[in-house]
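Here the structure comes first, spelled out in structure tokens, and everything after it is commentary.
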Amino acid sequence: MLGFIITSTKTTQRGVSMSVDNAEKARVLALVGDPHVVDQDLQEFSKSANFLSSERSEIIKKYPKQWIALLAGEVRAQADSLPELIREVELLGLPKSKLIIRYIDRPRRALIL
């Protein structure tokens, strides 16, 4: 669920409640968009970010030195270069604004001598 609800009052940075008129509500909704869509987008982004974090070692093994595009917690495209990945993303019709794109490389080990 989205982390805020637009009501007839708002809290300022100092914690003081102020009245919010309908014009301001409409302005905020126009900027943010449909709260249900925003919530769904945030959940999909969270799935992808969590997948990158929790499956890091498997991703490194499966996609070494590759560019990957994730959507809703799944690798949806992969390529050797970023331009190739963008072409693949476009071919598949994936929504670019909702993707996490990463280059996968093994971490370099720091040697302390």
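Here, each number is a calculation from the coordinates, and none is a lab measurement. Keep in mind that what you see is a predicted model, and the values were worked out from it rather than measured. Cβ coordinates were reconstructed from backbone atoms using ideal geometry, including for glycine residues, and neighbour counts include every protein chain displayed.
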Task: Virtual spin-label span in nm between Arg56 and Ala26, 7 Å along Cα→Cβ - done: 4.8 nm
Open item on the list: Is the C-alpha gyration tensor of region 35-104 telling us rounded, prolate or oblate? Criteria: a/c under 1.5 is rounded; beyond that, a/b larger than b/c is prolate, otherwise oblate.
Closed with: oblate
Open item on the list: Starting from the 7 Å offset along Cα-to-Cβ, what nm value, one decimal, do you get for the label separation of His36 and Glu74?
Closed with: 2.3 nm
Task: Sequence-distant lysines (8 or more away, or on other chains) whose Cα lies within less than 26 Å of Lys25 - done: Lys10, Lys98
Task: Interchain or long-range residues, amide H under 5 Å from Arg76's placed H - done: Ala69, Leu70, Leu71
